[in-house]
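Participant: Structure below; questions to follow.
The values are calculated or read from the model by the stated rules, or taken from the named source; none is laboratory data. What you see is a predicted model; the values in this text were computed from it and never measured. Heads up, the Cβs are rebuilt from the backbone with ideal geometry, glycines too, and the neighbour counts pull from every protein chain shown. Just so you know, the surface numbers come from the protein's heavy atoms only, side chains and all, with ligands and any DNA or RNA stripped out. Shrake-Rupley method; radii C 1.70, N 1.55, O 1.52, S 1.80 Å.
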Amino acid sequence: PGTPLTRTSFAGPQIVVSVYGPDFFGNDVVRGYGAVHVPLTPGRHTRTIAMFVPESTSRLQQFTSWFTGRRPEFTDPKVVAQGEGREVTRVRSQGFVTISFNVV
């Protein structure tokens with residue numbers, strides 16, 4: 001029943017980060033998504049997460065999303081964590097977030 005966990009199928013726990021902020025019209029829109037694996041060894045660890053945002057595929061969709069204030073965003077955080085299916089999604093790099101872990 002089920003597949004056994006192997007070193008390649010289990011990558012450990014992750015933290016998924018979703019950053020939101022106001023746009024020109026005051027609407028809360030996504031500013032970036034990113035994910036990082038949580039370190040499993042004791043001590044203080046610092047990780048830098050590359051953030052990205054999904055983009056509309058056409059100029060018309062870009063204009064419509066800007067005009068209505070409804071920009072593309074992921075509805076399931078698993079898309080960010082797993083990466084499966086993301087290779088067909090158009091995204092744009094959107095900066096970095098630095099996170100510190102204190103693992104006991």
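Participant: Being surrounded by fewer than 16 Cβ atoms within 10 Å (Cβ to Cβ), of a type in the set (Phe, Trp, Tyr) and in contact (Cβ under 8 Å) with a residue 24 or more places away in the chain is the filter here, so list the residues in region 24-36 that pass it.
Facilitator: If the condition is that a residue be surrounded by fewer than 16 Cβ atoms within 10 Å (Cβ to Cβ), of a type in the set (Phe, Trp, Tyr) and in contact (Cβ under 8 Å) with a residue 24 or more places away in the chain, then Phe25 is the only one that fits.
Participant: Only one of Val97, Val79 is open to solvent by less than 80 Å² (accessible area, probe 1.4 Å), modelled with pLDDT of 75 or more and not in a strand (DSSP E or B). Can you tell me which?
Facilitator: Testing whether each residue is open to solvent by less than 80 Å² (accessible area, probe 1.4 Å), modelled with pLDDT of 75 or more and not in a strand (DSSP E or B) leaves just Val79.
Participant: Quick check on my filter: what residues within region 37-66 are of a type in the set (A, V, I, L, M), modelled with pLDDT of 90 or more and open to solvent by less than 20 Å² (accessible area, probe 1.4 Å)?
Facilitator: Ile49, Met51
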